[in-house]
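The values are calculated or read from the model by the stated rules, or taken from the named source; none is laboratory data. Predicted model only: the values in this text are computed from it and were never measured. In this analysis, Cβ positions are derived from the backbone assuming ideal geometry, glycine residues included, and neighbour counts consider all displayed protein chains. Calculation scope for accessible area: heavy atoms of the full protein, side chains included, ligands and nucleic acids excluded. Shrake-Rupley method; radii C 1.70, N 1.55, O 1.52, S 1.80 Å.
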Amino acid sequence: RILMFSGELEAGGGAETWGPLALRLAISQSQLGTACCKIKAPIGLYNLGNTCFMSSVLQCLVNCAPIQRYFLREVRHNFLSCKVLRSAHGASPSSPLKSNCRQGEGAGICIACEMDRLLLEYYGRTIGDDVIAALEEGPSLSSSCVSNAANAAAGRRCGEPLVPARLLAATWKSGGMKHLAGYQQRDAHEFLSAFLDSMGKHDRCSNIISKMRDGARARSMSQQEMERN
């Protein structure tokens, strides 16, 4: 994934076994240069029935530079790798995954994985590529893949809105967010707090979530101090 997103196409790096979608993504990334892995403009999120509170929170998180860097550039949480780990260690007491990723309440649900998928889909819509399909694509040994991928780059459709149905369903099933299930109107701050708590339960995401909370707390205190003065 890191090679693909950095546009590394040199022989010996594994690119010769990539399928056409993966090659198309790598070619696109190589053309973007230093602008790769950065979401340059927001795209829409469809309302799934009184879910504008969720959309507003997700738009803020997705367009937050540290979040983009954490998931897209540094690949600190790979949904495909986490899926394998959850499958292999889900019932093991020595699992490196915390309770929300193991068996029990909300078993099989990882909010960090859903955030990773959302960022990948979001980023893909900004560049006109199906990033999820490229990452899940099987290997190909066809010598015509490079030319097919280059030809497929024409006629891309960028900026199409996303349907965050998968993430919404995951929040309803997640142990710490079940109280937000349903199509009733909810408070955006309540959703944000529960979402960050659920995402932060994963060991690898706890650090960035703590930094975000500390930063928000510091800004709030600074604003209160300015208002008092």
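Residue by residue, here is whether (1) touching a helix residue (DSSP H, G or I) at 6+ places or on another chain (Cβ under 9 Å); (2) in a strand (DSSP E or B); (3) surrounded by 14 or more Cβ atoms within 10 Å (Cβ to Cβ); (4) at pLDDT 85 or above holds:
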| residue | (1), (2), (3), (4) |
| --- | --- |
| 3 | yes, no, yes, no |
| 8 | yes, no, yes, no |
| 24 | yes, no, yes, yes |
| 28 | yes, no, yes, no |
| 37 | yes, no, yes, no |
| 43 | yes, no, yes, yes |
| 54 | yes, no, yes, yes |
| 57 | yes, no, yes, yes |
| 66 | yes, no, no, yes |
* Go through the stretch 69-108 and count every residue that is open to solvent by less than 30 Å² (accessible area, probe 1.4 Å), modelled with pLDDT of 55 or more and of a type in the set (A, V, I, L, M). => 2
